[in-house]
Amino acid sequence: MEKDTMGAVEVPDDRYWGAQTQRSLEHFDIGRDTFVWGRAVVRGLGLLKKSAALANADLGLLDAEVARAVVQAADEVARGELDDHFPLVVFQTGSGTQSNMNANEVIANRAIELMGGELGSKSPVHPNDDVNRSQSSNDTFPTAVHVAVVLELVERLHPAVDGLVAALEDKASELGDVVKVGRTHLQDATPVTLGQEIGAWAAQIRDAQADIRYAGDRARALAIGGTAVGTGLNAPAAFGPLVAQHLSVQTGEKFHQAENLFVQLASHDALVAVSSSLRTLGGALMKMANDVRWLASGPRTGIGELRIPENEPGSSIMPGKVNPTQSEAMTMVVTRVFGNDATVGFAGSQGNFQLNVFTPVMAHAVLESIRLLSDACRSFTAHCVSGLEADRQKIAEHLDADLMLVTALAPHVGYDTAAAIAKQAHKDGSTLRDAALASGAVTEADYDRWIDPAAMTRPD
């Protein structure tokens, strides 16, 4: 039996959590996505509570022995050793109070255990008075979320995107000499090289990543020190900056207390910005994946200019079929990211007065998008990009049949004459060369001199 301000409640005796966590379990049985998913938020809470204990000790607000026990327990939380003691779901109070108290209770009880006390006794370590000293859920939970987002971006997403871009750039270099039909409006256009086409995918993804870095830097500004409404009530003025310093040391990433703490509690625009940048990356990945799917279509009755790795059978009824499964997985991930961004955008608009109470779902959506995009980029790199091959014969056939090569004739014979040549070739089913020579406007020598597909892939 444990007690909180509302009375007694039964808590499993093999768990470190306490009364408030137990109440949340009973009152919010909504979905089973817990904050242990991906470990990001629980890790962020552990790192924050450790830093807060160190800051409180620095300020003389926490007994040294208690601080040591709290720091050790919070370290165990951050490392994932106590994940079984964090059972709460995303759909709880919008401030994350239950998850903050879950962390306070687990850390307090583990610290009590380390100090030889009795679990649930709140002595010699109290979850509110000691672990949560100088804090409110309203500033600690968004701080933990920001820490989680920054670390997930730095440790998970950026390496995965870097790997994909590097693989694309390598493939662009490998296939840089392959001249092929360009396509606009899903119709034949003037030539490009396969290297230019693949290189454009890499550049678009890299540009999107730059936006993520910029947005991610906004999440380095922390709400800690604002306590309940942004005024910093019950917290020394030095507490927030000290916590940010300790977090920077613990993580190796630079954090700082936000300039305006009222903004950090009442809105979560940094999360909105991160989510928006993830959506942009998703759009770039969708474009790449769809291009690969189209270029590999067929392989005999479609475009068929790329050969994709044969990773698994593609059909339960059609023997020998191979499908663009990595493209399909990537595009499904992107649709989920778009949906998450819609959630974050709407939730971010719902700050009322001094607090936005949609923090848990925003955190979950952003962190899920980071995880999904990271995993999808790694998978696409390993199981698609690395094995992409050009079907040079098919590419040459398409290039030879491309009527838009006529564009190179326009400066010499005029737009109208060139258009008439192309239309006649299409009508007759003849080659562009035959139609050009039959028009009398172009000699054989002129045609061979003016129509150079490779030269058409660069400025005059």
- Filtering GluC sites (Glu not before Pro) in region 224-321 by DSSP loop and by at most 13 other Cβ atoms within 10 Å leaves Glu259, Glu310
- Message: Using a Förster radius of 22 Å, what is the FRET efficiency between Glu253 and Arg378 based on their Cβ-Cβ separation? Nearest 0.05, please.
- Response: 0.55
- Take region 404-446, compute every pairwise Cα distance, and split them into 5 Å bins from 0; I just need the percent in each bin. 5, 28, 41, 21, 4
- Note on the structure: In whole angstrom, largest first, the equivalent ellipsoid semi-axes that the Cα gyration tensor gives for region 163-216 are 25, 15, 6
- Item | Pairs beyond 20 Å (Cα-Cα), from Lys394/Lys423; Lys171/Lys321; Lys180/Lys321; Lys50/Lys122 | Lys394/Lys423; Lys171/Lys321; Lys180/Lys321
- May I have the convex hull volume per residue, in Å³, for the Cα set of region 2-133? 97
- Query: So how do 77-85, 92-100, 241-249, 445-453 stack up, highest first, on mean other-Cβ count within 10 Å?
  - Reply: 92-100, 241-249, 77-85, 445-453
- Query: Å³ per residue of the Cα convex hull, for region 357-422?
  - Reply: 182
- How high is the relative contact order of region 1-109, given as a whole-number percent (alpha carbon pairs under 8 Å, six or more residues apart)? 37
- What does the helix-only formula give at 222 nm for the chain: each DSSP H stretch with n ≥ 4 adding -39500 (n - 2.57), the total divided by the residues, and the result rounded to the nearest 500 deg cm²/dmol? -18500 deg cm²/dmol
- Message: Cβ neighbours within 10 Å, averaged per peptide: list 342-349, 49-56, 15-22 in order, most packed at the top.
- Response: 49-56, 15-22, 342-349
- Message: Please arrange Val125, Val89 by how many other C-beta atoms lie within 10 Å of their C-beta, fewest to most.
- Response: Val89, Val125
- ³J(HN,Hα) across region 40-51 via Karplus (A = 6.51, B = -1.76, C = 1.60, θ = phi - 60°), whole Hz, x for Gly/Pro? 4, 6, 4, 4, x, 5, x, 4, 5, 5, 5, 5
- Note on the structure: Across 5 Å bins beginning at 0, the whole-percent shares of Cα-Cα pair distances in region 374-460 come to 2, 13, 20, 18, 12, 8, 6, 6, 7, 5, 2, 0
- Arrange the peptides 392-402, 192-202 so that the one whose residues have, on average, the most other Cβ atoms within 10 Å appears first. 192-202, 392-402
- For the chain, what percent of Cα pairs sit more than 33 Å apart? 50
- Query: For Lys321 and Asp400 in one chain, what is 0.36 nm times their gap in residues minus the Cα-Cα distance, to one decimal in nm?
  - Reply: 25.6 nm
- Length-normalised contact order for region 402-457 - Cα pairs under 8 Å, 6+ apart - percent: 37
- Message: Tell me the relative contact order for the chain as a rounded percent, counting alpha carbon contacts under 8 Å between residues six or more apart.
- Response: 16
- Length added when fully stretched, Arg206-Phe346, from 0.36 nm per residue minus Cα-Cα: 47.7 nm
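Readers should treat all values here as calculations from the given coordinates under stated rules, not as data from a laboratory. Remember, it's a predicted structure, so these values are computed and weren't measured experimentally. Ideal geometry is used to build each Cβ from the backbone, glycine not excepted, and the neighbour counts take in all protein chains shown.
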